[in-house]
Every structure is written in structure tokens, then in C-alpha cells.
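Remarks on the structure that follows.
The values are calculated or read from the model by the stated rules, or taken from the named source; none is laboratory data. From a predicted model like this one, the values you see are computed outputs, not experimental measurements. All Cβ positions, glycine included, derive from the backbone under ideal geometry; neighbour counts span all protein chains shown. SASA here: full protein model, heavy atoms, side chains in, ligands and nucleic acids out. Shrake-Rupley method; radii C 1.70, N 1.55, O 1.52, S 1.80 Å.
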Amino acid sequence: MTSSLTRRQALSLGVGASAVIALTTSGTSQAASGTREALWNEPRSANGWPVLNHATTQQVEGTNVAVALAEGDAAIILRYVARRFAYEVDMLRTGDLHGHTTDRKVGAAFESNYLSGTAIAIRPLHYPLRADVKNTGMSESERIVIADILADCEGVVTWGGNLEPVKQSHFEIAVMPDTSSLRKLAAQLQGRNDTPGQGAGAIDAFAASRRRSVARFQQAH
């Protein structure tokens, strides 16, 4: 999967082609770290959601961290992703979780999704944009958990480890606002959160049945 958008795709999402071109040509500025950056000046982020001037800070259940997100279904889903990471990979600490921002500097088009509060970065200093994932990326066991989370989210969430350029800390809502798949998934996850013994904290991503479900999901997608 790639983060590059064609002109037609950009226009269909309400994203100006100029913004995409700014991120894909050699004319982009160079940050001190060597990462190419540009300003995202569009009213919508790359996934088609409206850019927000403010987003509500919300607690991630079962942790001591909070994150600013677009209210509603997107927040329910992204908090679920963060909560599962905390329970199954490593508990989140202050500074580990980043969400909505008003800083329009982006190093890849998909980073504009932070502007709409529809993406999170989990430990972005550990897993930055364009990192050498072979030497510094997530372990095999961590990737198994991530794969299970993605399968659980039924294609509504995209992981930056599957994007180009890579950013393993990045998770984003991959569908437009008010889509049926978004509403359905949010309702399912909220139901699990409200039911003891279900949802984040009660899942074994390494169970054989879960691994088979992930394999089926990956084949379908």
C-alpha cells in the first residue's frame, strides 16, 4: 500500500492536487533530520476528513495517557487500537501517544490525518517516518499483535508499517466520515468495551484461531 495519491484520487477526497504534488516532488523542503516536509494547506486531510482547529482530549481506557481525537466513531476506534497496544505490546506512558495537531508540516501525505484527529502515532520517536525497520522496527511478536488489531478493525484502520514511506508508529482511519463500515466497527468495539471479558485486555493475538482469522483477512485485503 502506498501513501501517494493520484490527481483523480486527491480530487475525489476533496484534497487539492497541489498539496499532493508538494509532497511528491523534489521541491519539498528538507528538515534538519533530512526528512522531506511540506505544509498541508487543504481543508481536508488525506483520508477525506475535515481538518480541525481543535480536538477533544480523551482518556485511553486502562492507561494513564490521553490523546486528542475527532469525537465520535473515529475516537472509539483509535482508542481501541491504543488500548490493545498498551495491553498486548507495552503499557503506554506519558508522551508515548500523539493525536490531533494543528502543525501543518507533514513529511508524507498520510501525516495530514493528524490534522483531522483521525490518526494516532504510538511512540513516534521509536518508530519515526522512514525508519530503517529491518534494524530498528517492531519485533515479530509486536507485528503479530498489530496484524491482529488490523484484522479486528476490518479494514477501517490502516497501519503506517504498510505505507510508503513507512511509519510503524502510525495508525489512521482509512475510510471517509459517516461510512457504514466506520459506524458498524465503532458500535462493535464499544459493545465489547462495555462487556466484561471482551475487547482489549481479553484478547490473545497468538491463539491459533486468531492467527487463522488474520490470515484470512490478509488474503482478502
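Summarise the long-distance tail of P(r) for the stretch 92-210 by giving the % of C-alpha pairs beyond 20 Å. More than 20 Å apart: 48 percent of the Cα pairs in the stretch 92-210.
Rounded to the nearest 0.05, the FRET efficiency derived from the C-beta distance between THR94 and ALA202 at R0 = 25 Å is 0.45.
Rolling a 1.4 Å probe across all protein chains gives GLU71 an accessible area of roughly 130 Å².
Distances between placed amide hydrogens fall under 5 Å for LEU115 paired with THR101, all partners being 5 or more residues away or on another chain. Straight-line reach from LYS134: taking Cα to Cα under 28 Å and skipping same-chain neighbours fewer than 8 places apart, the lysines in range are LYS105, LYS167. Here the gap between SER180 and ASN162, fully extended at 0.36 nm per residue and compared with their Cα-Cα distance, gives a gain of 4.1 nm.
Karplus-based coupling profile of the stretch 84-101, in residue order and whole Hz: 5, 4, 4, 6, 10, 10, 6, 4, 6, 10, 3, x, 7, 10, 10, x, 4, 9, with θ = phi - 60° in 6.51 cos²θ - 1.76 cosθ + 1.60 and x standing for Gly or Pro. Computed extension gain for ARG216 through SER139, at 0.36 nm per residue and net of the alpha carbon distance, reaches 25.5 nm. Shape of the stretch 150-208 from the C-alpha gyration tensor: oblate (a/c of 1.5 or more and a/b not above b/c, with a ≥ b ≥ c the square roots of its eigenvalues). In the assembled protein chains, ARG123 presents an accessible area of approximately 30 Å² (probe radius 1.4 Å).
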